[in-house]
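Nothing in this text is a laboratory measurement; each read-out follows from the coordinates by a stated rule. Treat the numbers as computed from the prediction; the structure is a model and nothing was measured. Because the Cβ atoms are built from the backbone with ideal geometry, glycine has one as well, and the counts that use them run over all protein chains shown.
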Amino acid sequence: MTPTSSTLAPDWAIDVRGLTKRYGTTTVVDHVDLQLRPGRICGFLGPNGSGKTTTIRMLCGLLTPDEGEGHCLGLDLRRDALEIRRQVGYMTQRFGLYEDLSIRENLDFIARLFELPERKRQVDEALERLGLVSRQRQLAGALSGGWKQRLALAACLLHRPRLLLLDEPTAGVDPKARRDFWDEIHRLAAEGITVLVSTHYMDEAARCHELVYIAYGHLLARGTEREIIAQSGLTVWAVQAEREDPAALAPLVTPLKQAPGVQSVAAFGSALHVAGSDPAALEQAITPWRAQPGLRWAPAQASLEDVFIGLIGQSRDNMEAAR
């Protein structure tokens, strides 16, 4: 159910409507509505420059919207920005802690900023929870990407926030570190903490309870993975070279992309996925190529990646719109 203005904000961890942010003549976030219930993990997806980071910064009170209204954790987005910042954990894209301080010193500094009582105990608990005890004396600057990620998450959790806003937190870390991170995120959600996390990884998107897709400032899709795929109405054909030679598929890419009825063409391993929303038009577009020897064509199940590639292709770039 989409809330109306009469919905009680405490029913929602996030409840914003018409969220808009402009820089000069460029509208970076364009009338975005977003609602998220407590204890849910929402994947926030979209291409670079789509407005994800700007939206997250408005939600945590770091940026003031030019238009729009709503609440985070029952607090007014405009009037209570300072209090929102005290109750939200925000993890930025880049590591933002002091590299010349140790893990413990960084966490102690954050605890001082939040004026936490029993500071040593709370730092000890954060170290224990994120598996950082054995490395607590190590300088942050000497950590690998995965350990920096753990430290950043520990810093976000020190003040016991009820909402986590994570901006591409797993970029540049190895698969095991990503898996461990997501295991922790699900434990936090089970404790009632709400998580909005931006990611480019489709396997991570599949681990979210629900998804929101934004492109060039516009919210284009939302729902569970299954709902978004079903709502897309995409038909997909997969084509492979019989000898599994990817080079044999290269001549197909440009003409297929230009064919009426084709919404996207993307490589998936040794196959190409050719997708469109009109099954008849798509089949007509691929017919000349289906007779070509050495190729195997078969219907395929649309994936989340197929949907998002198609959405990007249909979206208008903010800079083009500004021009």
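Here segment 185-323 is treated as a Stokes sphere of Kirkwood radius computed over C-alpha pairs; at 25 °C and 0.890 mPa s its diffusion coefficient rounds to 147 µm²/s. Bridge orientation summary for the chain: considering DSSP beta bridges with both residues in this region, about 70 percent are antiparallel.
Taking N as the residue count of the chain, its C-alpha radius of gyration divided by 2.2 N^0.38 Å amounts to 1.14. Summarising the overall dimensions of segment 234-301 from its C-alpha atoms, the Rg and Dmax are 10.7, 30 angstrom. Measuring against 31 Å, Cα to Cα, the residue pairs 120/148; 21/176; 52/176 contain 21/176 as the ones spanning a longer distance. Neighbours of residue 230 by Cβ distance under 15 Å: Lys/Arg scored +1, Asp/Glu scored -1, total -2. Computed over segment 159-229, the convex hull of the alpha-carbon atoms projects to a mean area of 5.6 nm². With neighbour counts taken as other beta-carbon atoms within 10 Å, the residues 235, 287 rank, fewest first, as 287, 235. Rounded to the nearest 0.05, the FRET efficiency derived from the C-beta distance between residue 284 and residue 79 at R0 = 51 Å is 0.35. Between residue 66 and residue 37, take the C-beta separation as r, use R0 = 22 Å, and let me know the FRET efficiency to the nearest 0.05. For residue 66 and residue 37, the calculated efficiency is 0.25. Ellipticity at 222 nm from helices only: DSSP H runs of n ≥ 4 in the chain, each -39500 (n - 2.57), divided by the residue count, give -10500 deg cm²/dmol. As a proxy for reagent exposure, ranking 194, 64 by other Cβ atoms within 10 Å from fewest up yields 64, 194.
Over all orientations, segment 206-256 has a Cα convex hull whose mean projected area works out to 5.8 square nanometres. Here, segment 15-158 yields an orientationally averaged convex hull projection of 9.9 nm² when only Cα atoms define the hull.
Extension gain for residue 292-residue 94 works out to 66.4 nm (0.36 nm per residue, less the C-alpha to C-alpha distance). Measuring r between the beta carbons of residue 121 and residue 210 and using R0 = 45 Å, the FRET efficiency lands at 0.80. Panel order for 312, 41, by other beta carbons found within 10 Å of each beta carbon, from fewest to most: 312, 41.
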